[in-house]
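The values are calculated or read from the model by the stated rules, or taken from the named source; none is laboratory data. Not measured: the values here are computed from a predicted model. Ideal geometry is used to build each Cβ from the backbone, glycine not excepted, and the neighbour counts take in all protein chains shown. These area figures cover heavy atoms from the full protein model, side chains too; ligands, DNA and RNA do not enter into them. Shrake-Rupley method; radii C 1.70, N 1.55, O 1.52, S 1.80 Å.
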Amino acid sequence: RRISDAAVSAGVSEINHPARLRKLEPMLLAGTIAYGNYFDLPGAGPYRIVVRIAPFGTSRTLETEFAFAHART
């Protein structure tokens, strides 16, 4: 389900390091709300990405985490 009214933040760090969260800005994209910001990923990774979503009007916060690495050539 698309979430169009929330406070969203994300952090990127090297694996096994804490991620410093940064606010993701809401933006209109193809007629719907998306959230985004810029993160520097200078090495090949892997990186740990944490996303926190706090829907407005609720007291809960959703959090997910995943790993990302640049494609190797």
For this session: Calculate, in nm to one decimal, what Arg60 and Ala7 gain on full extension: separation in residues at 0.36 nm each, minus their alpha carbon distance.
Result: 17.9 nm
Exercise. Stretched out fully, how many nm does the piece from Lys23 to Phe68 gain, at 0.36 nm a residue minus the Cα gap?
Worked result: 14.3 nm
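Would you please name the chymotrypsin sites (Phe, Trp or Tyr not before Pro) within the chain that are DSSP coil residues with at most 11 other C-beta atoms within 10 Å of their C-beta?
Passing both the DSSP loop test and the Cβ count: Tyr38, Phe56.
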Seminar exercise, completed: Mean accessible area per residue over the chain (1.4 angstrom probe, all protein chains present, square angstrom) is 77 Å²
Exercise. Which of the trypsin sites (Lys or Arg not before Pro) found in segment 9-61 are loop residues per DSSP with 14 or fewer other Cβ atoms within 10 Å of their Cβ?
Worked result: Arg20, Arg60
Seminar exercise, completed: The percentage of the accessible area of the chain (probe 1.4 Å, all protein chains present) made up of carbon and sulfur atoms, to the nearest whole number, is 54 percent
For this session: Can you tell me the alpha carbon radius of gyration of the chain divided by the globular rule-of-thumb value 2.2 N^0.38 Å?
Result: 1.22
